[in-house]
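Each remark here refers to the structure printed beneath this line.
The values are calculated or read from the model by the stated rules, or taken from the named source; none is laboratory data. All values derive from a computational prediction rather than experimental measurement. Every residue, glycine as well, gets a Cβ built from its backbone with ideal geometry; the counts of neighbours run over all protein chains shown. The protein model used for the area step is the full one, side chains on, heavy atoms only, and it has no ligands, DNA or RNA in it. Shrake-Rupley method; radii C 1.70, N 1.55, O 1.52, S 1.80 Å.
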Amino acid sequence: MATKASAYLSMVERAQGSHAGEPAWLRDLRGSALAEFRRAGFPTTRHEDWRFTNVAPIGDTPFVEPPPAEVSPDEVARVLVPGVAGPVLVFVDGRFAGKLSTPAPPSGGVTLRPLADALLERPAVLEAHLGRYATVADRPFAALNTASFEDGAIVEVADAAVVEGAIQVVFLSTVTPAPAVSHPRVLVLLGRHSQARVVETFAGLGPTRGLTNAVSEFVLDEGAWLDHVRLQREPGSAFHVGRAQFHVGRAARVSSTALALGGLIARLDTVAVLAGEGADATLNGLYLADGVRLVDNHTDIDHAVPHGTSRQLYKGILDGRARGVFNGRVRVRPDAQKTDARQTNKTLLLSDDAQVNTKPQLEIFADDVKCTHGATVGQLSAEALFYLRARGIGEQDARAMLVRAFAADVTGRIGLDPLRADIDRRLASMLPGGRVAEVVA
Amino acid sequence: MLEIRNLHARVGDKEILKGIDLRVDAGEVHAVMGPNGSGKSTLAGVLAGRPEYVVTEGSVVYRGRNLLDLQPEERAREGIFLAFQYPVEIPGVNNLYFLKAALNAVRAHRGEPELDAIEFTALVRSKMSLLGMDQELLSRPVNDGFSGGEKKRNEIFQMAVLEPALAILDETDSGLDIDALKVVAGGVNALRSPDRAAVVVTHYQRLLNYIVPDQVHVLSDGRIVRSGGRGLALELEEKGYGWLAGAEDNEPARDSRLEARA
């Protein structure tokens, strides 16, 4: 066991007391997770999955449990996507904030419950699904989350329900006297042929220095449709480790866009298991980093059965001395004939000192499949830059225009119009030379 | 309007322009002809401020200012327009958004108010019909997936919207069929006025049937070797560039593909 984990272990062990009232299966789940974390400790760069991402700064920080915090509805409103109907679940430092949340209308086919309520009202459903997809073996941060999560959101979409607008789940971190750790947990269950959009937002209210260690599991039953956006825009001083786990059933379809915009160290594992025939997963991502920040995206698509389709487009913009990592694993199991998988990773380096490590990892054990991958690393096109300048557009504006165009390739695919507009607006102010774009025609 | 004196320029270690002298007055159209590799495109690029071209000697005065001191965007705002030989594809940047940004940058420089969306749309509509531009092309990213002819047409469309004082066309006619050639010529002719000028760089005489130049200059090995009236272009068409030092043997000054079509 890595000694660095010991401070965490004692924190988790203290928390076991508050878990005493939980059902036996959950205590077992937590117990196994704790044992796994105790065994593995924090990963080092000798671990293949963490080769380029040194999490020693996380292990070295003596994080504390966050003290209770007051957050105003105004602060929540600023984080929400404007103009989107639908229920809102708000968590503050990992704790459910009922007063700041907006419940789902009773007739809408969607039920939102904080973990404590779900344990009382939906014990069998929870037992069947919670932690069954984001398993903990060799996933130390998922193990830490499972052992520790204090609260979570459980979302159920009824069979054939079509959810209006989007379900927003908002995780806010507050500035605490000492760096704090939270372990947000989400479980979303989509019934047969249901349709929903889910937006997960991770944001800090000020220059937080804590660790957000999030795990979200999405389970799509037959024919379900999920449009998912994960907007991680924590401050550049924060640590973020996340896992988005999709279990995609027969003829079900998930489209997910992961926007990794913040964090000093930000690591996201996005996993899709295509578990039913004809399942379809699109995983897109945009990552931005500057200064000395590190952003790491690991994707893993598991084609477990035949006739699965997967598409991945990950694009990154790195400036300063920032580092990016993209590792795209695609597994095609021996039975998974007629799989159609494509993966593209493109990174734009805006400075000489920025760097990216990109690696496709294709493990194909079926013979009748189409699998392609491609990766490019480059700089802004000098020809395009000159063309814009030769029309009177100033150099900074021209650069900004080209950088935004690069990002828009990903954000333009977001289906929810107000969200796409909101993200483009936020990006315009974040990207170098940022000036808000007004698109004609 | 434009006075070029003893202009020398190189790309990397290679000297391309070896002492160009050229004076273009307001109201005039000058044709610059010459064989491949004579420096025509380099001259156009130097005037527009292409960064990889280094001026080693000489001067360029444009409307009383030292042009070589200006950044490419400043030159554009001062009224210089280069129609690119190879217009650049820019995926993700909407054509009209780009053109509006360009026009408003030029207008702001002149102290004029920016056009709002409605005014801009009206302007675009009027220029579109003038050039037979397709609305669908304009709503796409800049030149993205355009055919060669569509790209050239888009250059002339941009020129029509920006209304430059000095238009420089860098082999805009190359590879165009006769209909597209007429569109290009029509765009240039529509801008002809006593206070504007144009420099038309071309390999072939053909375009000059539609844009009648006031003067024709022949460039060879980085120097202007002959200047004259329109008759010089016709003479070149007759004789080819073979008589020039540095030209490939009997390189024609006529586009046989066009001759066959016409």
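These residues, B:65, A:426, go from largest to smallest accessible area, 1.4 Å probe, as B:65, A:426. Take each peptide in A:72-81, A:256-265, B:184-193, count the other Cβ atoms within 10 Å of every residue, and average; sorted highest first, the result is A:256-265, B:184-193, A:72-81. Please report the spacing between the Cα centers of region A:223-250 and region B:105-125 in Å, no decimals. The distance from the Cα centre of region A:223-250 to that of region B:105-125 comes to 42 Å. Bridging of residue B:152 to lysines at a Cα separation below 22 Å is possible for B:40, B:100, B:127, B:182, once same-chain residues fewer than 8 apart are set aside. Surface calculation, 1.4 Å probe, protein heavy atoms: residue A:127 sits at approximately 80 Å² accessible.
Rg over Rh for region B:2-261 works out to 0.96, using Cα positions for both radii and the Kirkwood form for Rh. Computed packing ranks the peptides A:165-172, A:140-147 as A:140-147, A:165-172, most packed first, by mean other Cβ atoms within 10 Å. Averaged over residues, the count of other Cβ atoms within 10 Å places the peptides A:367-373, A:48-54 in the sequence A:48-54, A:367-373, highest first. If the elastic network links every pair of Cα atoms under 10 Å, which of A:427, A:380, A:231 fluctuates the most in the Gaussian network model of chain A? Judging by the Gaussian network model, the answer is A:380. Based on C-alpha pairs under 8 angstrom that are at least 6 apart in sequence, chain A has a relative contact order of 10 percent. Send over a whole-number figure in Å² for the accessible area per residue of chain B, probe 1.4 Å. Accessible area per residue: 41 Å². How far is the Cα center of region B:154-176 from the Cα center of region A:291-365, in Å? If we compute the Cα centre of each part, the gap is 42 Å.
The percentage of C-alpha pairs in the protein assembly as shown whose separation is greater than 37 Å is 49%.
Write down the percent of antiparallel bridges among all DSSP beta bridges whose residues are both part of chain B, to the nearest 5. Just about 60 percent of them are antiparallel. Of all lysines in the structure, those lying under 26 Å Cα to Cα from residue A:359, and not within fewer than 8 positions of it along the same chain, are A:315, A:338, A:346, A:370. According to the Kirkwood relation over distinct C-alpha pairs, the hydrodynamic radius of region B:1-87 is 13.3 Å.
Looking at chain A, the accessible area is 38 square angstrom per residue; that uses a 1.4 Å probe and ignores ligands, DNA and RNA. Note on the protein assembly as shown: helix-only mean residue ellipticity at 222 nm, from DSSP H runs of 4+ residues weighted -39500 (n - 2.57) and normalised by residue number, equals -8500 deg cm²/dmol. Taking all protein chains as they are arranged and a probe of 1.4 Å, the heavy atoms of residue B:203 leave approximately 10 Å² accessible to solvent. Separation of region B:19-71 from region A:16-80 is 65 Å, based on Cα centroids. Less than 5 angstrom separates the built amide H of residue A:310 from those of A:281, A:340, A:341, A:342, all sequence-distant by 5 or more or on a different chain. Other residues lying with their Cβ under 12 Å from the Cβ of residue A:366 contribute a combined charge of -1, Lys and Arg counting +1, Asp and Glu -1. Counts of other chain beta carbons within 10 angstrom of each beta carbon in peptide A:392-400 average 6. Across peptide B:95-105, the mean count of Cβ atoms from other chains lying within 10 Å of each residue's own Cβ comes to 5.
Residues whose amide H comes within less than 5 Å of that of residue A:237, counting only those at least five positions distant or on another chain, are A:263, A:264 (H built at 1.01 Å from N in the peptide plane). Residue order by solvent-accessible surface for A:430, B:128, B:33, B:1 is A:430, B:1, B:128, B:33, largest first, with ligands and nucleic acids left out and a 1.4 Å probe.
Near residue B:27, once Lys and Arg are set to +1 and Asp and Glu to -1 for all other residues with Cβ below 11 Å from its Cβ, the sum equals -2. Within chain A, antiparallel bridges make up roughly 5 percent of the DSSP beta bridges whose residues both belong there.
Given axes a ≥ b ≥ c from the Cα gyration tensor, I'd like to know whether region A:1-148 is rounded (a/c under 1.5), prolate (a/b larger than b/c) or oblate. In terms of gyration-tensor shape, prolate.
Of all accessible surface on region A:280-361 at a 1.4 Å probe, what whole percent is carbon and sulfur? Answer for region A:280-361 is 41 percent, counting heavy atoms of protein chains only. Mean partner shielding of peptide B:72-80, defined as the number of other chain Cβ atoms within 10 Å of each residue Cβ, is 5.
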